[in-house]
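**Q** Just passing along the structure, written as structure tokens.
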Amino acid sequence: MNSPAPLAAAAALLEAQAAIVEAFTLLEDWTDRYQYLIDLGRQLVPLPEEFKTEDYRLKGCQSQVWIKTELREGLLNIRAMSDSAIVAGLIALLLRVYGDRRPADILSTPPDFIRQIELGEHLSPTRSNGLHAMIQQIRQMAVAALSQQARSG
């Protein structure tokens with residue numbers, strides 16, 4: 001299976017962000033939006049216990065968050081889970097945008113949806129710091145994947 005064409009792949013990231021913004025816009029208040037986040041988190045594919053170790057644990061999050069990435073056919077596969085329902089929902093949002101994408105597209109597409117849905121203003125400081133730590137980790141993993149591609153290819 002080949003990776004999608006670069007322009008189409010980059011557009012898909014923007015479309016994923018637009019879909020998140022649209023979904024949040026349809027919800028009337030932040031109580032509904034938090035419930036939506038919790039529901040998204042419940043839909044995450046469970047992370048196998050073998051990856052719930054310190055080697056995969058994200059530093060900088062008050063909640064426990066584990067992230068496992070793997071480069072598959074030019075795409076960065078990201079699996080993650082948290083012990084917090086809302087943080088798991090934040091993970092689900094990030095995976096919708098950045099999961100199974102080309103590392104270069106991940107690096108060239110900032111998470112504008114966070115600002116657009118005013119997520120930063122409605123998260124506690126610790127959750128906001130955790131969200132930014134997750135984004136930084138995904139970006140670092142994309143850099144590592146690009147380096148891996150350059151070495152092998």
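The values are calculated or read from the model by the stated rules, or taken from the named source; none is laboratory data. If you're wondering where the values come from, they're calculated on a predicted model, not measured in any experiment. No Cβ is skipped: glycine too gets one built from the backbone with ideal geometry, and neighbour counts run over all protein chains shown.
**Q** Among the residues of region 108-125, which ones are surrounded by fewer than 16 Cβ atoms within 10 Å (Cβ to Cβ), touching a residue at least 24 places away in the same chain (Cβ under 8 Å) and under 25 Å from Asn77 (Cβ atoms)?
**A** Ser108, Asp112
**Q** Is there a residue being in contact with a Pro (Cβ under 6 Å, 6 or more places away or on another chain), aliphatic (A, V, I, L, M) and under 20 Å from Ala11 (Cβ atoms) anywhere in region 128-142?
**A** yes
**Q** If you don't mind, another one. Can you report the number of residues in region 70-110 which are under 20 Å from Gln43 (Cβ atoms) and either in a strand (DSSP E or B) or over 14 Å from the mean Cα position of the chain (by Cα) (or both)?
**A** Qualifying residue count for the region: 10.
**Q** Six or more apart or on different chains, Cβ under 8 Å: which pairs go from a residue in region 70-99 that's under 16 Å from Tyr56 (Cβ atoms) and touching a residue at least 60 places away in the same chain (Cβ under 8 Å) to one that's in a helix (DSSP H, G or I) and hydroxyl-bearing (Ser, Thr, Tyr)? Could you list them?
**A** Final answer for the pair search is Leu76/Tyr98; Ile78/Tyr98.
**Q** Can I ask one more? With the condition kept exactly as written, say whether any residue in region 22-44 is surrounded by fewer than 17 Cβ atoms within 10 Å (Cβ to Cβ) and closer than 29 Å to Ala150 by Cβ.
**A** no
**Q** Can you tell me which of Glu73, Glu50 is out of contact with any Gly (no Cβ under 8 Å at 6 or more places or on another chain), more than 19 Å from His132 (Cβ to Cβ), modelled with pLDDT under 95 and acidic (Asp, Glu)?
**A** Answer to the check: Glu73.
**Q** List every residue pair whose Cβ atoms sit under 7 Å apart, with the two residues 6 or more apart in sequence or on different chains, where the first one lies in region 126-153 and is more than 16 Å from Trp66 (Cα to Cα) and the second, anywhere, is modelled with pLDDT under 90 and not in a helix (DSSP H, G or I).
**A** Close Cβ pairs satisfying both conditions: Thr126/Gln62.
**Q** Could you list, in sequence order, the residues of region 9-21 that are among the hydrophobic types (A, V, I, L, M, F, W, C) and either modelled with pLDDT of 90 or more or surrounded by fewer than 11 Cβ atoms within 10 Å (Cβ to Cβ) (or both)?
**A** Selection gives Ala12, Leu13, Leu14, Ala16, Ala18, Ala19, Ile20, Val21.
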